[in-house]
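Visitor: Let me give you the structure first, and then I'll get to my questions.
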Amino acid sequence: MSTMISLKEVCKSFGGIVVADHISIDIQRGEILGLIGPNGAGKTSLFNLISGVYPMDSGSISVAGQSLDGLPLHHRARLGVARTWQNMRLFATMSVLENMLVAPRNYPGEHLSQIIFHPRRVAQANLALRERAMTILGRMKLEAIAHASVNDITFGQQKLVGLARALMNDGDCLLLDEPMAGVEGQAYDTMKAIVRQEAEAGRAVCVVEHNVSFIKDLCNSAVFMASGKILERGSVETLLSSKTLSQLYFGA
């Protein structure tokens, strides 16, 4: 395996609150890394630093050897950094399919010159993206609701649509922020299967999750964070048997 996501001595604070304290992590292609820890540990903040929502105070972040330092969020997305959100951030006035069509990282219709001078190319790209979106929805058994408003589908389906939208960015970096929160039944099994398949296809996947069973089932290794620091990294079994984790995370 080769390193896809690399963080070196990344620091970030808001006033006196430190959310990233000299964080160094490498995530490999094909790896599913779990980020676990109590609320306020800095897990989502780390995703915000990788994806460009927050600027770093110091340190460096790279994807596939290319530095992300100073790049805005949309440039990072075009380099293949895709993520989901705790609150999903779906567009409530749009259909499931329309939500997915905003996510591809290389779309010629974003450029006015392409629309004016190459309308056929744009039309072909639109068709290809719709076909790709329907294929992804088919993997998730959601093709029947493609034209439904996201407000009219279940919470579990909305979570899957959030993942499906992230997959429309076909890059190699996938950040999943609490994908299983509130998800159960068929949606849970589907989510787990899709995440595993994406890693097997070569993506580097990082998951923030409080569902310990999900972490145990999927993750090759895990990082335990608290107060913006990495306290331990190792196999999921090793971390779950850690006294530090038991005291800070489970309140033992």
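The values are calculated or read from the model by the stated rules, or taken from the named source; none is laboratory data. All figures in this text were calculated on a predicted structure; none of them were measured in a lab. No Cβ is skipped: glycine too gets one built from the backbone with ideal geometry, and neighbour counts run over all protein chains shown.
Visitor: Tell me which residues, restricted to segment 13-45, are free of Cβ contacts under 8 Å to residues at least 60 places away in the same chain and within 16 Å of residue 175 (Cβ to Cβ).
Guide: Once the filter is applied, which keeps residues that are free of Cβ contacts under 8 Å to residues at least 60 places away in the same chain and within 16 Å of residue 175 (Cβ to Cβ), segment 13-45 yields only 26.
Visitor: Of everything in segment 63-79 that's surrounded by 17 or more Cβ atoms within 10 Å (Cβ to Cβ) and in contact with a Lys or Arg (Cβ under 7 Å, 6 or more places away or on another chain), which residue is farthest from residue 25 (Cα to Cα)?
Guide: Checking each candidate, the answer is 77.
Visitor: Go through (1) assigned by TED's automatic domain parsing to the domain that holds residue 19; (2) buried (at least 16 other Cβ atoms within 10 Å of the Cβ) and name the single condition residue 103 misses.
Guide: (1)
Visitor: Please identify the pairs in which a residue from segment 58-82 that is without any contact (Cβ under 8 Å) to a residue 12 or more places away in the chain has its Cβ atom under 7 Å from the Cβ atom of a residue that is not in a loop (DSSP other than H, G, I, E, B), counting only partners at least 6 apart or on another chain.
Guide: Filtered contacts from segment 58-82: 67/60.
Visitor: Which residue pairs have Cβ atoms under 8 Å apart, sit 6 or more places apart or on different chains, and have a first residue in segment 140-161 that is of a type in the set (Phe, Trp, Tyr) and a second that is surrounded by fewer than 20 Cβ atoms within 10 Å (Cβ to Cβ) and part of a loop (DSSP other than H, G, I, E, B)?
Guide: That search, which allows pairs on different chains as well, returns 155/182.
Visitor: Working carefully through the options 45, 95, 60, find the one that is polar (S, T, N, Q) and touching an Asp or Glu at 6+ places or on another chain (Cβ under 8 Å).
Guide: Working: 45 fails: touching an Asp or Glu at 6+ places or on another chain (Cβ under 8 Å); 95 fails: touching an Asp or Glu at 6+ places or on another chain (Cβ under 8 Å).
After ruling out the rest, the residue left standing is 60.
Visitor: Right, another one. Only one residue in 34, 30 is at positive phi and not polar (S, T, N, Q), so which one is that?
Guide: Working: 34 fails: at positive phi.
Step by step, each of 34, 30 is checked, and only 30 is at positive phi and not polar (S, T, N, Q).
Visitor: Kindly establish whether residue 145 is closer than 21 Å to residue 177 by Cβ and either modelled with pLDDT of 95 or more or in contact with a strand residue (DSSP E or B) (Cβ under 9 Å, 6 or more places away or on another chain) (or both). Explain how you work it out, then say what you get.
Guide: Details: closer than 21 Å to residue 177 by Cβ: no; either modelled with pLDDT of 95 or more or in contact with a strand residue (DSSP E or B) (Cβ under 9 Å, 6 or more places away or on another chain) (or both): yes.
The answer is no for residue 145.
Visitor: While we're looking at this one, here's another question. With a cut-off of at least 2 residues that are at pLDDT 95 or above and surrounded by fewer than 17 Cβ atoms within 10 Å (Cβ to Cβ), name the strands (runs of 3 or more DSSP E) lying wholly within segment 1-62.
Guide: On the way: elements: 3-14, 17-28, 32-36.
Qualifying strands (runs of 3 or more DSSP E): 3-14, 17-28.
Visitor: Here is a follow-up. Pull up segment 189-209, narrow it to residues that are surrounded by fewer than 21 Cβ atoms within 10 Å (Cβ to Cβ) and closer than 11 Å to residue 140 by Cα, then point me to the one that is farthest from the chain's Cα centre (by Cα).
Guide: It comes out as 189.
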